[in-house]
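Single-structure report; data block below.
Derivation of every value follows stated rules applied to the coordinates shown; laboratory data play no part. Keep in mind it's a predicted model, so treat the numbers as computed, not measured. Cβ sites come from the backbone with ideal geometry, for glycine too, and all protein chains shown count toward neighbours.
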Amino acid sequence: MGLRLTIFGAALLWVGSGAAFDFGGIDLGKVGEMIGKAQEAVTEVDEPREIELGTEVSARLLGAAPLVENVSVQRYVNQVGLWVARHSERPSLPWRFGVIDTDSINAFAAPGGYVFITRGLFMSLRDEAELAGVLGHEIVHVLRRHHLDAIQEQARLGLAADVAGIMARRDGRRIDALVNAGMELYTKGLDREDELEADRDGVVLAQRAGYAPDGLRGVLVTLEAMGGASDALALLFKTHPAPADRLAALDERHASRWRHGQDLPRLPRRLAQFQQALYERG
Ligand SMILES: [Zn+2]
């Protein structure tokens with residue numbers, strides 16, 4: 001009995017080792033090492049790499065829709081955005097803001113401090129407090145690394161599903177894989193909870209920078225009034241919770257803030273001056 005078990009065990013061991021050496025021509029040790037390295041690239045994204053990734057993602061975004069060619073408008077949005085970002089917990093990121101030349105109504109953020117608002121949304125704002133509210137929302141996405149986390153999650157899923165792909169992937173292509181995963185987010189959207197957090201804390205940030213806190217609220221009221229029928233809003237509606245839901249969540253959280261912040265500046269004239277510059281451009 002003991003002998004038979006030993007022979008059986010030896011047979012198992014032989015079959016086992018045979019499998020380890022011949023796995024469809026794939027070197028499992030190497031696959032393990034590659035997965036390890038790729039996981040590392042995905043999990044350990046320090047601030048310089050976060051910024052590098054954001055730069056790549058932004059370049060792709062701007063490749064699809066360039067910035068508005070108006071230096072004073074771009075400078076203005078940068079001044080407002082920087083002022084709000086400096087009141088955040090990551091004031092020293094290389095923050096950069098831009099108005100993208102498209103009629104569609106939206107705003108985006110990319111890792112490392114990139115924030116974009118479309119010309120369509122910029123032109124539909126009523127005052128600078130609303131601009132600060134929109135930028136505050138996007139700034140919170142950057143602060144909390146919402147895109148970065150989602151990109152890493154996407155890449156992790158991609159890696160698990162694509163072992164052969166990892167075998168072929170060179171070091172330089174890993175950042176490409178992350179950027180590709182990142183681009184998908186702009187059509188798929190972030191998690192609902194991330195969006196609600198960006199609304200909630202973006203309001204706080206705008207107020208800390210000195211603006212009337214209900215700027216973002218005003219923008220959401222405008223979006224709700226425009227409704228889902230507008231083509232210009234299709235992507236925003238697809239990638240964000242409904243304005244009514246966002247308004248309800250904000251009002252529940254910030255009702256007393258709205259009351260107490262009533263008299264803080266809104267600066268409608270200052271915004272209008274820059275909107276006028278874009279109207280005149282035609
Ligand atoms: Zn958002």
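Peptides 78-87, 255-264 ranked from most to least packed give 78-87, 255-264, packing being the mean of other C-beta atoms within 10 angstrom over each peptide's residues. The alpha carbon radius of gyration of the range 45-281, expressed as a multiple of 2.2 N^0.38 Å, is 1.01. On a C-alpha basis, how far is the centre of the range 135-159 from the centre of the range 210-262 in Å? Whole number, if you could? Between the Cα centre of the range 135-159 and that of the range 210-262, the gap is 22 Å.
Local charge sum around L233 (other residues, Cβ-Cβ under 12 Å, Lys/Arg +1, Asp/Glu -1)?
On the way: positive: K238; negative: D103, E224, D231.
So the environment of L233 carries a net charge of -2.
Restriction of the GluC sites (Glu not before Pro) in the range 54-149 to DSSP coil positions whose beta-carbon has at most 13 other beta-carbons within 10 angstrom yields E69, E89.
Less than 11 Å Cβ to Cβ from W83, Lys/Arg counted +1 and Asp/Glu -1: what total charge do the surrounding residues give? Intermediate values should be presented prior to the final figure.
Values: positive: R86, R208; negative: E128.
Residues near W83 contribute +1 overall.
Stokes-Einstein, applied to the Kirkwood radius of the range 192-282 over Cα pairs at a viscosity of 1.002 mPa s and 20 °C, places its translational diffusion at 148 µm² s⁻¹.
Counting beta carbons within 10 Å around each of Y279, Y186 and listing the fewest first gives the order Y279, Y186. By other beta-carbon atoms within 10 Å, ranking L233, L216, L53 with the fewest at the front produces L233, L53, L216. Summing Lys, Arg as +1 and Asp, Glu as -1, what charge do residues with Cβ under 11 Å from the Cβ of V68 carry, V68 excluded? Net charge around V68: 0.
Annotation: for a label point projected 7 angstrom from Cα along Cα→Cβ of D46, residues of the range 72-111 with backbone N closer than 20 Å are 90-95, 111.
Placing unit charges on C-beta atoms (Lys and Arg positive, Asp and Glu negative, everything else neutral), compute the dipole magnitude of the range 69-128 about its Cα centre in debye, rounded to 20. Walk me through the numbers before you get to the answer.
Values: 6 positive and 6 negative charges, 40 e Å.
So the dipole magnitude of the range 69-128 works out to roughly 200 debye.
Taken over the range 81-130, the alpha-carbon convex hull comes to 72 cubic angstrom per residue.
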